[in-house]
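Single-structure report; data block below.
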Amino acid sequence: MRILFVTDLHGNEIKYRRVLANALKHGATAVVNGGDMLPLHGDPHGSQNDFVEGLLSWYFSEHTAAGLAWLGLLGNDDLKIHDAVFDGICRKHRNIFNLAQRRVEHNGFEFIGMNWVTDYPFRLKDRCRRDGPGWNLAEHATAK
């Protein structure tokens with residue numbers, strides 16, 4: 001299986017189009033996105049929710065039409081408030097998989113996603129977890 005791995009596209013439509021074009025050009029069977037998919041909060045080009053319902057919905061339809069799988073998750077710059085909309089868009093397509101706290105089997109391979117990052121010295125974000133005793137992933141996991 002040939003995979004194209006990307007991350008940190010931050011809602012840049014040109015980059016999304018390039019990813020799709022390159023995946024098709026180089027015969028990838030899947031695109032894996034490691035997160036930070038949506039425009040940064042406050043981006044003048046639009047809201048994260050509009051991006052999910054607009055460009056990502058189109059983007060996933062293009063993958064489906066091309067027979068190209070997409071596996072990915074929202075990252076620490078992508079606001080959790082949009083998780084349900086993102087998950088709903090993913091579920092509309094047979095070959096689009098939200099990996100956040102999930103295990104997905106595809107083409108004989110197993111993909112496991114985790115989009116919680118350890119605490120760091122920057123501003124606190126939605127997907128920042130405390131690095132220490134008492135933090136329990138099971139409390140934050142979503143149902144498959």
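The values are calculated or read from the model by the stated rules, or taken from the named source; none is laboratory data. These figures come from a predicted structure and were not determined experimentally. We place every Cβ from the backbone using ideal geometry, glycine too, and count neighbours over all the protein chains shown.
Set side by side, the residues Gly67, Gly11, Gly42 differ, and just one is on the phi > 0 side of the Ramachandran plot and either free of Cβ contacts under 8 Å to residues at least 24 places away in the same chain or among the aromatic types (Phe, Trp, Tyr) (or both), which is Gly42. One residue stands out in the range 45-74 among those that are in contact with a Ser or Thr (Cβ under 9 Å, 6 or more places away or on another chain) and either surrounded by fewer than 22 Cβ atoms within 10 Å (Cβ to Cβ) or of a type in the set (Ser, Thr, Tyr) (or both): the one that is nearest to Glu110 (Cα to Cα), namely Leu68.
Restricted to the range 25-44, and to residues there that are closer than 15 Å to Met1 by Cβ and surrounded by fewer than 21 Cβ atoms within 10 Å (Cβ to Cβ), the residue that is nearest to the chain's Cα centre (by Cα) is Val32. If the condition is being modelled with pLDDT under 90 and in a loop (DSSP other than H, G, I, E, B), then the range 41-74 contributes His41, Gly42, Asp43, Pro44, His45, Gly46, Ser47.
The residues of the range 45-65 that are small (Gly, Ala, Ser) and over 14 Å from the mean Cα position of the chain (by Cα), listed by number, are Gly46, Ser47, Gly54, Ser61, Ala65.
How about the range 2-33: which of its residues are out of contact with any strand residue (DSSP E or B) (no Cβ under 6 Å at 6 or more places or on another chain) and part of a loop (DSSP other than H, G, I, E, B)? Those that are out of contact with any strand residue (DSSP E or B) (no Cβ under 6 Å at 6 or more places or on another chain) and part of a loop (DSSP other than H, G, I, E, B): Arg2, Thr7, Asp8, Leu9, His10, Gly11, Asn12, His26, Gly27, Thr29. For the range 83-99, a tally of residues being in a loop (DSSP other than H, G, I, E, B) and aromatic (Phe, Trp, Tyr) returns 0.
The set of residues in the range 1-49 being farther than 18 Å from Leu68 by Cβ and among the β-branched types (Val, Ile, Thr) consists of Ile14 alone. Within the range 76-93, the residues that satisfy the criterion of being among the acidic types (Asp, Glu) and either touching a Lys or Arg at 6+ places or on another chain (Cβ under 8 Å) or crowded, with 19+ Cβ neighbours inside 10 Å (or both) are Asp77, Asp78, Asp83.
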